[in-house]
Each structure stands twice: as C-alpha cells, then as structure tokens.
Amino acid sequence: MAEAPEASSGQDLQVRRFGASDVELLAAFFGEVAQDPASDRFHPHPFTAEAARRIAEHQGRDLYLGQFLDGQLVGYGMLRGWDEGYETPSLGIYLSARVRGQGLAKALMEHLHRQARQNGADRIRLKVYKDNLRAVTLYQGLGYVFVAEEGEQSVGLLDLISQGGGL
C-alpha cells in the first residue's frame, strides 16, 4: 500500500490502487458520490456498481486510486488517458463530503502528481468548473495554469518538468 503523509490530526492516511477485492467497497463509495449534490461537478464516468467493478478490476496504464483515512475510503483519484494513447493524463478527484476542508484534496493531488511523474508524464491536465472557486484556488496553488475554456469549465495544465521532484 502506498503511503501518503499522515493527516494533520495524526490519523493514518494512505493512497492505493484499487484491486478486484475492492468492487463492493468502491460500489458503496460510488453510491455516496451519486447522492452528493456536489457530484454534479464531477462526472468522469457513471457512478454505478458496473463502473465500480470495471475500475476495481482495471489492468491498464490508467490509474484509479483510493484515499483511505483510518482505513475508511474517503477519496477517489484518477489519472486516465494513457489507455487511449494520450501522453498527458487527465486528473480527477472526489472527496467524501464528511472529510472536505481537512487538506486531504491537496494530499491526494500531490500523490497523483508523483504517480504521473513515475509513469513518465511531463504534464497533467484537468478540467474544473469556473465557479468552483475552492477547487480553482487549490489547483492554482499546486501550480496549474488555466490555458483554455470548454463551456463552463476551465482546462488546467501542470508542467511536471518545471515543478521538479519536490512533489
């Protein structure tokens, strides 16, 4: 299991790739995502039991990771696009409403940045709704530069080369 920094309260914080044994856990988490009004701003794929099975059993280059706080799944992160042949992966994260505001999003993002770098990416792409100021502020603080707009969303890029190895 890949370790992330401990949560500020001394809780155990870990990030790891999902496996076939996580289907039910991920399906339950996706049920939570689907019920969260904030999930209308996060729609990379359906949040169904079938999607949970497909992601938990995924064997390609794309990465689907869970963030666990004291053994409980509280966050979901992905780097995808490699399986389709893109050099620059797209990043997405979702945190459970019960843990938002605790700095866990930044920790998950930094872990994803390290994973992207280890997998040979020079940069990462993401999209965010322009009025999601909390997320925009987080992404800008991590070094993302917004380079385009797609409807109501801004497209951000993080240059992993210029960021160096400090993440």
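Mind counting the residues in segment 33-55 that are within 16 Å of the chain's Cα centre (by Cα), within 22 Å of residue 107 (Cβ to Cβ) and not hydroxyl-bearing (Ser, Thr, Tyr)? Here the count works out to 6. Looking across segment 80-114, not a single residue is under 14 Å from residue 16 (Cβ atoms) and assigned to a strand (DSSP E or B). Among the candidates 70, 122, the residue that is surrounded by fewer than 15 Cβ atoms within 10 Å (Cβ to Cβ), farther than 23 Å from residue 22 by Cα and either in contact (Cβ under 8 Å) with a residue 12 or more places away in the chain or within 15 Å of the chain's Cα centre (by Cα) (or both) is uniquely 122.
Here residue 161 passes the criteria (1) over 25 Å from residue 40 (Cβ atoms); (2) surrounded by fewer than 17 Cβ atoms within 10 Å (Cβ to Cβ); (3) at pLDDT 95 or above; (4) in contact with a strand residue (DSSP E or B) (Cβ under 8 Å, 6 or more places away or on another chain) except the one numbered (3).
Can you find even one residue in segment 88-95 that is touching a residue at least 24 places away in the same chain (Cβ under 8 Å), of a type in the set (S, T, N, Q) and surrounded by fewer than 16 Cβ atoms within 10 Å (Cβ to Cβ)? Checked segment 88-95: no residue is touching a residue at least 24 places away in the same chain (Cβ under 8 Å), of a type in the set (S, T, N, Q) and surrounded by fewer than 16 Cβ atoms within 10 Å (Cβ to Cβ). In this structure, residue 112 does not qualify as touching a residue at least 40 places away in the same chain (Cβ under 8 Å) and farther than 18 Å from residue 82 by Cβ.
Screening residue 157 on (1) more than 15 Å from the chain's Cα centre (by Cα); (2) assigned to a strand (DSSP E or B) shows it passes everything except condition (1).
For residue 140, are the conditions met, namely being surrounded by fewer than 18 Cβ atoms within 10 Å (Cβ to Cβ) and in a helix (DSSP H, G or I)? Yes. When the test is whether a residue is hydroxyl-bearing (Ser, Thr, Tyr), at pLDDT 95 or above, closer than 23 Å to residue 154 by Cα and in contact with a Leu (Cβ under 9 Å, 6 or more places away or on another chain), residue 86 does not pass it. Every condition in (1) under 25 Å from residue 29 (Cβ atoms); (2) small (Gly, Ala, Ser); (3) modelled with pLDDT under 95 is met by residue 81 except one, and the failing one is (3). Would you please name the residue that is nearest to residue 158 (Cα to Cα), looking only at residues in segment 97-119 that are within 11 Å of the chain's Cα centre (by Cα) and surrounded by fewer than 17 Cβ atoms within 10 Å (Cβ to Cβ)? Among them, the one singled out is 110. Summed over segment 41-60, residues that are of a type in the set (D, E, K, R) and touching a strand residue (DSSP E or B) at 6+ places or on another chain (Cβ under 9 Å) total 1. Have a look at 69, 108 and point out the one that is closer than 18 Å to residue 33 by Cβ and touching an Asp or Glu at 6+ places or on another chain (Cβ under 9 Å). The unique qualifying residue is 69.
The values are calculated or read from the model by the stated rules, or taken from the named source; none is laboratory data. These numbers were taken from a predicted model, which means no experiment stands behind them. Note that each Cβ is placed from the backbone with ideal geometry, even for glycine, and that neighbours are counted across all protein chains shown.
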